[in-house]
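Asker: Please find one structure pasted underneath; my questions will follow.
The values are calculated or read from the model by the stated rules, or taken from the named source; none is laboratory data. Note that the structure is a prediction, hence the values are computed from the model and not measured. Using ideal geometry, Cβ is built from the backbone for each residue, glycine included, and neighbour counts are taken over all protein chains shown.
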Amino acid sequence: MDFLARATAVVGGTMVAIRRFGAPKVQAVGTAPTIPDAKRQGIMTLKMPTAKGWAPGHVPDTAPGLGVNAFASGLEHPRWIEVLPNGDVLVAESKEQPNPPKTLMDHAAQATMRRARAIGTSANRITLWRDTDGDGVAETREVFLERQNQPFGMALVGDTFYVGNTDGIVAFPYQEGQTTITAAGRRLVTFKPNGHWTRSLIVSPDGTSLYAGVGSLSNIGDQGMEAEEGRAAIWRLDLETEQAGIFASGLRNAVGMAWEPSTGTLWTVVNERDGLGDETPPDYLTSVREGGFYGWPYCYWGQTVDDRVPQDPALVARAITPDYALGGHTASLGLCWMPAGTLPGFPDGMVIGQHGSWNRSTLSGYRVVFVPFEGGKPSGPPRDILSGFLSDDEKTAYGRPVGVAIGADRKSLLVADDVGDIIWRVTAA
C-alpha cells in the first residue's frame, strides 16, 4: 500500500502541474469576490510543503513597524491559545489522529499530511506558560491539564474551566493562579469525533453561554447526511441550564470565533469544500446569525449550487452569503478581535491565522492577516501581520500559524505555530 500511496501522490503531483496553467491569478478576497466557475477535479489536487521548522535566528517576516519573538518554544504541535485574566497563557497541544485509510487517495493524503507533521500521535494536553518578569518570554512551563481527547478550544468562566475536546465539552474546577488541574472533569456536551476534529470555544460577552465550533465529518457529506447530524455547525451551551443545541448550521468547518464589540455580533472563519478548483469556493469570515444556514453541503457563497451533492432546494433558498472572502483553501483557522492601538498602524479589526493550503496548485495562506473593520463590518483589503512561513519555492514550511490571541498586556499578539512548535509574540518594533 505504501507503493500505491506514493504512486497516487505522483499522479496528484502531475495534476498540480497541469492545473497551474489554468489556475486563477487573483485570489477571491473581500466583500464582493470574483469566484471562478467550479471545475470538478476528479483526482484531488494534493500539494503540501515538507515541515522543516525554524533555524536559530530565523523568524517570520513582520509588517513594517512590528517585531516578533518566541514567547514559548519546544511545544508539541501547539494549536490554540487562551490568555487567562492573571496573564497566564494556556496552549492546547494536539494533533489529528487519522482513521485507517480506505482508498488510494486516503493513503496519499495521509502520507502527505505526515510529511507536513499535520497528523500523528497527539500530545492531548494543555500547558501553562508564565512570563514572570514581563520581558515577553515565558520563563515557566507547567502541564496544566493532560490525558484529554484532542483538546482545542478553552474558556474560563468564574471558577470553571471549559475544554473543547473532539468528543465534547468538559468542565473542570479552577482557582485563580493554579498551574495544574488534577480534578476530574464533567462532560456537559457530547460531539461526534473524527473528520474536522477541532472544537473551538468562546464565551458570550455576558458570560451566560458558551459557543463551540463543530466541523463536518467529510468534504461534502460523502458518507451521507445522517453521519453529519450535529456537525458543520456552531453550538450554543447555556451555562446555567447546561442545555445545548445548534446555534447556526451549514458551516463546513467553523473554527475561530470572535465578538465584534460595537454590535455584539459573533463572527467566525470557515474552511470551505475541496475539489472544485484553486479559488472555488473561498474560505470566509462571516457574522453568524442565530438559526442561520450558510450553505454546506448543498451550495456555497450564497446560492451557488454544488451539483456533486443531492440537493435540498428549501435550504439552498435560505442560504446566507458570507460577509468576506479569504481566498481559496487558505485554511483560515485562528480568529481574534484586535482593538485599534494594540499594534502600531492597525485600526480595529480581526486577526486571522491562515494555516495554509494542501489542495491547490499554488499554495495559499501560510500567514497571519488583518481585516480592518468600520461600523461593525469589514472595511478594506486584508493586510499581512506575519508572513515568511513558506519557502519561495513552496517546498518547505518553516511554520504554520493557527490560533491567535491578544496578549495580557493588550499591546501584543500571540500566534500558535504548530510546525515551528513555537508561540510567537508580535509587538511594536
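Asker: Specify which of the listed residues (A155, A123, A111) is of a type in the set (G, A, S), in contact (Cβ under 8 Å) with a residue 24 or more places away in the chain, farther than 16 Å from W197 by Cβ and not in a strand (DSSP E or B).
Answerer: A111
Asker: Every residue in the range 21-38 that is surrounded by fewer than 17 Cβ atoms within 10 Å (Cβ to Cβ) and modelled with pLDDT of 90 or more, please.
Answerer: Answer for the range 21-38, where residues must be surrounded by fewer than 17 Cβ atoms within 10 Å (Cβ to Cβ) and modelled with pLDDT of 90 or more: T31, A32, T34, D37.
Asker: Follow-up question, since we're still on this one. Can you pull out every residue in the range 49-90 that is under 20 Å from T198 (Cβ atoms), of a type outside the set (K, R) and modelled with pLDDT of 95 or more?
Answerer: L75, E76, H77, P78, W80, I81, E82, V83, V89, L90
Asker: Which residues, counting only those in the range 388-409, are surrounded by fewer than 17 Cβ atoms within 10 Å (Cβ to Cβ), charged (D, E, K, R) and farther than 20 Å from D131 by Cβ?
Answerer: Scanning the range 388-409 gives D392, D393, E394, K395.
Here is a yes/no grid of residues against (1) over 20 Å from K95 (Cβ atoms); (2) touching a Gly at 6+ places or on another chain (Cβ under 9 Å):
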position: R199; (1), (2): no, yes
position: T208; (1), (2): yes, no
position: S262; (1), (2): yes, yes
position: N271; (1), (2): no, yes
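Asker: Also, quick follow-up: Identify, by number, the condition in (1) surrounded by fewer than 20 Cβ atoms within 10 Å (Cβ to Cβ); (2) within 16 Å of the chain's Cα centre (by Cα); (3) charged (D, E, K, R) that D384 doesn't meet.
Answerer: Against the list (1) surrounded by fewer than 20 Cβ atoms within 10 Å (Cβ to Cβ); (2) within 16 Å of the chain's Cα centre (by Cα); (3) charged (D, E, K, R), D384 comes up short only on (2).
Asker: I need the full set of residues from the range 341-392 which are among the charged types (D, E, K, R), without any contact (Cβ under 8 Å) to a residue 40 or more places away in the chain and within 28 Å of N219 (Cβ to Cβ), in order please.
Answerer: R367
Asker: Another one. Just wondering, is there one or more residues in the range 387-404 that are at pLDDT 95 or above, over 24 Å from L75 (Cα atoms), in contact with a Pro (Cβ under 8 Å, 6 or more places away or on another chain) and in a strand (DSSP E or B)?
Answerer: The answer is no; no qualifying residue exists.
Asker: OK, next. For the range 208-239, what are the residues that are touching a strand residue (DSSP E or B) at 6+ places or on another chain (Cβ under 9 Å) and of a type in the set (D, E, K, R)?
Answerer: R231, R236, D238
Asker: Moving on. Could you check the range 91-132 and list, in sequence order, the residues that are at pLDDT 75 or above and touching a helix residue (DSSP H, G or I) at 6+ places or on another chain (Cβ under 7 Å)?
Answerer: Across the range 91-132, the qualifying residues are P98, P101, A111, I119, G120.
Asker: Can you work out which of the residues in the range 207-249 that are charged (D, E, K, R) and in a strand (DSSP E or B) is surrounded by the fewest Cβ atoms within 10 Å (Cβ to Cβ)?
Answerer: Among them, the one singled out is D238.
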